[in-house]
Amino acid sequence: MANYKFTTPTVDEGPAGNHRLFYFYKLHRGITIVKDGGVYKQVRYQQDSYLNGLSEVYRGGYETTVNDATKAALIAGGVGVTEANFTAL
């Protein structure tokens, strides 16, 4: 069984500040993926109390090691995860 490095999906947010030059710069933000009630969901602004009760949490901006079965489930979950989010180890 192979293992993969999973990097969560990202989104570009901007502007990054109030000065006019910041309107040309965007921040790269990771999106947290959770499994709640057997269904994968994207969560942007979560509280730790919500995350503690979930069976699977993949925090945005972090890398996690997953196996083949988890990789297939995340791709099939319909939350914006593709093959591009995985790197073979």
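For the stretch 64-89, name all the residues that are surrounded by fewer than 14 Cβ atoms within 10 Å (Cβ to Cβ) and either at negative phi or of a type in the set (A, V, I, L, M) (or both).
Once the filter is applied, which keeps residues that are surrounded by fewer than 14 Cβ atoms within 10 Å (Cβ to Cβ) and either at negative phi or of a type in the set (A, V, I, L, M) (or both), the stretch 64-89 yields Thr65, Asn67, Asp68, Ala69, Ala72, Ala76, Thr82, Glu83, Ala84, Thr87, Ala88, Leu89.
Working carefully through the options Tyr23, Tyr45, find the one that is over 16 Å from Lys5 (Cα atoms), in a loop (DSSP other than H, G, I, E, B), out of contact with any helix residue (DSSP H, G or I) (no Cβ under 7 Å at 6 or more places or on another chain) and of a type in the set (Ser, Thr, Tyr).
Tyr45
Within the set of pairs 6+ apart or on separate chains, which have a first residue in the stretch 25-48 that is touching a residue at least 24 places away in the same chain (Cβ under 8 Å) and more than 22 Å from Thr70 (Cα to Cα), a second that is of a type in the set (S, T, N, Q) and surrounded by 10 or more Cβ atoms within 10 Å (Cβ to Cβ), and C-beta atoms under 7 Å apart?
Here the result reads Arg29/Thr10, each pair linking the stretch 25-48 to a residue that is of a type in the set (S, T, N, Q) and surrounded by 10 or more Cβ atoms within 10 Å (Cβ to Cβ).
What's the total number of residues in the stretch 57-69 that are farther than 15 Å from Tyr4 by Cβ and either without any contact (Cβ under 8 Å) to a residue 12 or more places away in the chain or out of contact with any Ser or Thr (no Cβ under 6 Å at 6 or more places or on another chain) (or both)?
2
I'd like to know if the stretch 2-17 contains one or more residues that are surrounded by 16 or more Cβ atoms within 10 Å (Cβ to Cβ) and out of contact with any Gly (no Cβ under 9 Å at 6 or more places or on another chain).
Scanning the stretch 2-17 turns up at least one residue that is surrounded by 16 or more Cβ atoms within 10 Å (Cβ to Cβ) and out of contact with any Gly (no Cβ under 9 Å at 6 or more places or on another chain).
Enumerate the pairs (first residue in the stretch 70-89 and more than 18 Å from Val57 (Cβ to Cβ); second residue anywhere and assigned to a loop (DSSP other than H, G, I, E, B) and among the β-branched types (Val, Ile, Thr)) with beta-carbon separation below 8 Å, excluding pairs fewer than 6 apart on the same chain, so at least 6 apart or on different chains.
Qualifying pairs under 8 Å: none.
Coordinate-derived values only; no laboratory data. What you see is a predicted model; the values in this text were computed from it and never measured. Every residue, glycine as well, gets a Cβ built from its backbone with ideal geometry; the counts of neighbours run over all protein chains shown.
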